[in-house]
Amino acid sequence: MELSLLPPDIQDAHRSFPGTLAACADLDALMRLKGAFVGREGSHAARLMELLKAAPKDQKRDLGAAVNALKNEWDQALKSRQAELEQERLRLAALASAWDPDLPPPLPAQGALHPLNRLMNRLVDVFRPLGFHVEEGPEAETEAHNFDGLNIPPDHPARGSADTFYFKGQDGLLLRTHTSPVQVRVLLRIGARGADGRSELERRGGIKFLAPGRVYRKDEIDPTHSPMFHQVEGMIVGKGIGMHHLKGTLAYAMKALFGPGAEVRFRPSYFPFVEPGAEMDVRCPLCEGAGCRVCKGSGWVELLGAGLLHPNILAYAGIDPEIWSGYAFGMGVERTAMMVSETPDLRLFFENDQRFLRTMGGLD
Ligand code: DAH
């Protein structure tokens, strides 16, 4: 196009036209620009028409072509920018009508206890009215507490580095493989004699406690195994404690946990720190004994190991097994949580997907 035929200020305006057009942020600005370029009066286009009218005949053709081309270019560009801005205005209007100022603002997400912690809290609540309090022990534990004090022989396979995480270069320090070392810690404390020659055990006349917590084993991760999991240990020391106390207490606790219809059964079993030792099953709470995937068709699910305190573990802590007796049990928390919540894969408890955690009912 032959710009040189046009007045210099219109040439300048034309050169900066694309930038000015793009800078129009709304339709009002665009209409002002449109007025200035192609408006009926006083616009660049109107001035060009007057120039054209006044031009000598021999220049009319070339000037006319230039003026027409310019006007067309401006018209097209203005039109397409107008369509864009109209589109944008509709989009904003739709957004504005979707926003309801009367709706309450979304609440910030609140923290909540993890389902495993809720279940452990519930277990503590079940035993608390029976006189049990909570004791704790460290997760980094000594071989003495984790094994020796529990009458576990030096050559027992559980002590091997294939099953147990040992701390490198820290002799005898390991990640506890069960919550039973809390028994040893408590027994050593309550068996120790004070300045008056009496022990805490003698002063109290007995003790009952639960010890919930994390434990570690070198297990491969699969739907029912994890190298870190949770147990709740229970223990009672007193005088004349027998299997009937153990069975009565646990049967009561299972009814509190699973409902009044809960049934339990005990099978003889072996653990070095109890004698006699037993495992306790509950009637499968999911199928009520009919047989399902969770109880593998047997109608029963193993829930815990238990037994009467072995005289050696009392003696290790300086407590006379001729006078004192007791029972202990250790329960798998994940396993119980899986049953109560009908969760088929324990890994869900550790992935902490909010969608899963939010669906966890029935645990408290
Ligand atoms: N500590 C055992 C384990 O982790 C479970 C256990 C069995 C605990 C018998 C006890 C008990 O207190 O008496 O497999």
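The values are calculated or read from the model by the stated rules, or taken from the named source; none is laboratory data. Here the structure is a predicted model, which is why all the values come from computation and not from measurement. So basically every Cβ, Gly included, is an ideal-geometry build from the backbone, and we count neighbours across all protein chains shown. All accessible areas refer to the heavy atoms of the entire protein, side chains included, with ligands and DNA or RNA removed. Shrake-Rupley method; radii C 1.70, N 1.55, O 1.52, S 1.80 Å.
Among the listed residues GLY172, GLY149, GLY160, which satisfies the condition of being more than 11 Å from the ligand (Cβ to nearest atom), touching a Phe, Trp or Tyr at 6+ places or on another chain (Cβ under 9 Å) and more than 21 Å from PHE209 (Cα to Cα)?
Every option except GLY172 fails the conditions.
Would you mention how many residues in the range 222-250 are of a type outside the set (S, T, N, Q), under 33 Å from the mean Cα position of the chain (by Cα) and modelled with pLDDT of 95 or more?
First, the residues of the range 222-250 that are of a type outside the set (S, T, N, Q): 222-223, 225, 227-230, 232-248, 250.
Then keep just the ones that are under 33 Å from the mean Cα position of the chain (by Cα); that gives 222-223, 225, 227-230, 232-235, 250.
The next check asks that each one be modelled with pLDDT of 95 or more; those that pass are 227-230, 232-235, 250.
Final tally of qualifying residues: 9.
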Taking the range 290-309 only, how many residues are within 13 Å of the ligand (Cβ to nearest atom) and open to solvent by 40 Å² or more (accessible area, probe 1.4 Å)?
1
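Which residue is most open to solvent (accessible area, probe 1.4 Å), if the candidates are limited to the range 251-272 and must be basic (Lys, Arg) and modelled with pLDDT of 95 or more? If you could, list the steps in order and put the result at the bottom.
Going through the range 251-272, the residues basic (Lys, Arg) turn out to be 255, 265, 267.
Now drop any that are not modelled with pLDDT of 95 or more, which leaves 265, 267.
Numbers: ARG265: 92, ARG267: 74 Å².
Ranking the qualifying residues of the range 251-272, first place goes to ARG265.
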If you go through the range 240-281 one residue at a time, how many are touching a residue at least 60 places away in the same chain (Cβ under 8 Å), more than 12 Å from SER325 (Cβ to Cβ) and either touching a Gly at 6+ places or on another chain (Cβ under 9 Å) or within 14 Å of the ligand (Cβ to nearest atom) (or both)?
5
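So if I check each of MET360, MET280, MET331, which one is over 22 Å from ASN146 (Cα atoms), crowded, with 20+ Cβ neighbours inside 10 Å and at pLDDT 95 or above? Spell out how you get there, then give the answer.
Values: MET360 fails: at pLDDT 95 or above; MET331 fails: over 22 Å from ASN146 (Cα atoms).
Of MET360, MET280, MET331, the one residue that is over 22 Å from ASN146 (Cα atoms), crowded, with 20+ Cβ neighbours inside 10 Å and at pLDDT 95 or above is MET280.
Only one of these is surrounded by 21 or more Cβ atoms within 10 Å (Cβ to Cβ), in contact (Cβ under 8 Å) with a residue 24 or more places away in the chain and of a type outside the set (Ser, Thr, Tyr): PRO223, PRO181. Name it.
Values: PRO223 fails: surrounded by 21 or more Cβ atoms within 10 Å (Cβ to Cβ).
Criteria check complete, one pass: PRO181.
Would you call LYS60 at pLDDT 90 or above and open to solvent by 50 Å² or more (accessible area, probe 1.4 Å)?
Working: at pLDDT 90 or above: no; open to solvent by 50 Å² or more (accessible area, probe 1.4 Å): yes.
Criteria not met by LYS60.
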Has the range 334-345 got any residue that is in contact (Cβ under 8 Å) with a residue 12 or more places away in the chain, within 16 Å of the ligand (Cβ to nearest atom) and open to solvent by less than 10 Å² (accessible area, probe 1.4 Å)?
yes
Given PRO138, PRO154, which one is at pLDDT 90 or above, outside any helix (DSSP H, G or I), farther than 22 Å from PHE209 by Cβ and open to solvent by 40 Å² or more (accessible area, probe 1.4 Å)?
PRO154
If we scan the range 232-239, do we find a residue that is open to solvent by less than 50 Å² (accessible area, probe 1.4 Å) and more than 12 Å from the ligand (Cβ to nearest atom)?
yes
I'd like to check something: does the range 50-59 contain any residue that is part of a helix (DSSP H, G or I) and in contact (Cβ under 8 Å) with a residue 24 or more places away in the chain?
yes
